[in-house]
Each structure stands twice: as C-alpha cells, then as structure tokens.
Amino acid sequence: MLERWSWLGDRLAIDLANSVRRRGDRYVDFFAEPGGVREWLAAEAGRVPRVSAGDDAVRAVRELRDDVLAVLRAAARGEPRPAA
C-alpha cells in the first residue's frame, strides 16, 4: 500500500490539487480534516513557506487548493479560467 503522501514531488500546484484524489467512483479529500493540511505542509517542508498550522492557515491552504483545482479543471475542459 502506498504511503499517504508518497505521490508528492510534482509541481507544487499539482501536489496541492492532488490532495483531492479519485478512488474508483468517488473523490477523497485529504484536507477534509485539519490534520491532513498539517501533514501535507510537513511533507512539503522546504517547498512551501513555513506557516503556523493554526485554523486560519488550514483554511487558507484549503481555499488556495480549491482555487487551484478550479483553474486546472477549467483548463482540462477547455473552459475559461474562473473569474475569482
């Protein structure tokens, strides 16, 4: 079995977006719990700025991830990027 973050090492935006993973016909959000964001930040140490892993930082990382996902999904569909 793969370790939870074994797939990290791609471009940072892709690693961030891939914190939502498809498993069969469903998606798994590794950031669903605050601990997932903290684990990802630790796994990406040296590639992301060191931040406090408090609630505000967790929320900000999730929001950034959702924005990155929206841009990547729009690009994959050939749609304009989201205005936000």
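If the condition is being assigned to a strand (DSSP E or B) and either in contact with a Cys (Cβ under 9 Å, 6 or more places away or on another chain) or of a type outside the set (A, V, I, L, M) (or both), then segment 18-37 contributes R21, R22, R23, R26, Y27, D29. Here R65 clears all of (1) open to solvent by 60 Å² or more (accessible area, probe 1.4 Å); (2) at pLDDT 85 or above except the condition numbered (1).
Filtered by the rule that a residue be assigned to a loop (DSSP other than H, G, I, E, B) and not acidic (D, E), segment 2-17 gives L2, R4, W5, S6, W7, L8, G9, R11.
When the residues of segment 33-57 are filtered to those that are modelled with pLDDT of 85 or more and open to solvent by 60 Å² or more (accessible area, probe 1.4 Å), the one that is nearest to V68 (Cα to Cα) is R47. Within segment 54-73, the set of residues being of a type in the set (A, V, I, L, M, F, W, C) and in contact with a Leu (Cβ under 6 Å, 6 or more places away or on another chain) comprises V68 only.
Among the candidates R81, R73, R77, which residue alone is open to solvent by 90 Å² or more (accessible area, probe 1.4 Å), at pLDDT below 90 and of a type outside the set (S, T, N, Q)? Testing whether each residue is open to solvent by 90 Å² or more (accessible area, probe 1.4 Å), at pLDDT below 90 and of a type outside the set (S, T, N, Q) leaves just R81. Within segment 67-84, residues that are touching a residue at least 40 places away in the same chain (Cβ under 8 Å) and closer than 18 Å to R22 by Cβ sit with their Cβ atoms under 7 Å from residues that are open to solvent by less than 90 Å² (accessible area, probe 1.4 Å) and in a helix (DSSP H, G or I), at 6+ positions apart or across chains, in these pairs: V68/A13; V68/L16; V68/A17; L69/A17; L72/A17. The set of residues from segment 38-60 being in contact (Cβ under 8 Å) with a residue 12 or more places away in the chain and assigned to a loop (DSSP other than H, G, I, E, B) comprises E44, R47, A53.
The values are calculated or read from the model by the stated rules, or taken from the named source; none is laboratory data. In this text, all values refer to a predicted model and were calculated from it rather than measured experimentally. Note that we place each Cβ from the backbone using ideal geometry, even for glycine, and neighbour counts take in every protein chain shown. Heavy atoms of the whole protein, side chains included, go into the accessibility calculation; ligands, DNA and RNA do not. Shrake-Rupley method; radii C 1.70, N 1.55, O 1.52, S 1.80 Å.
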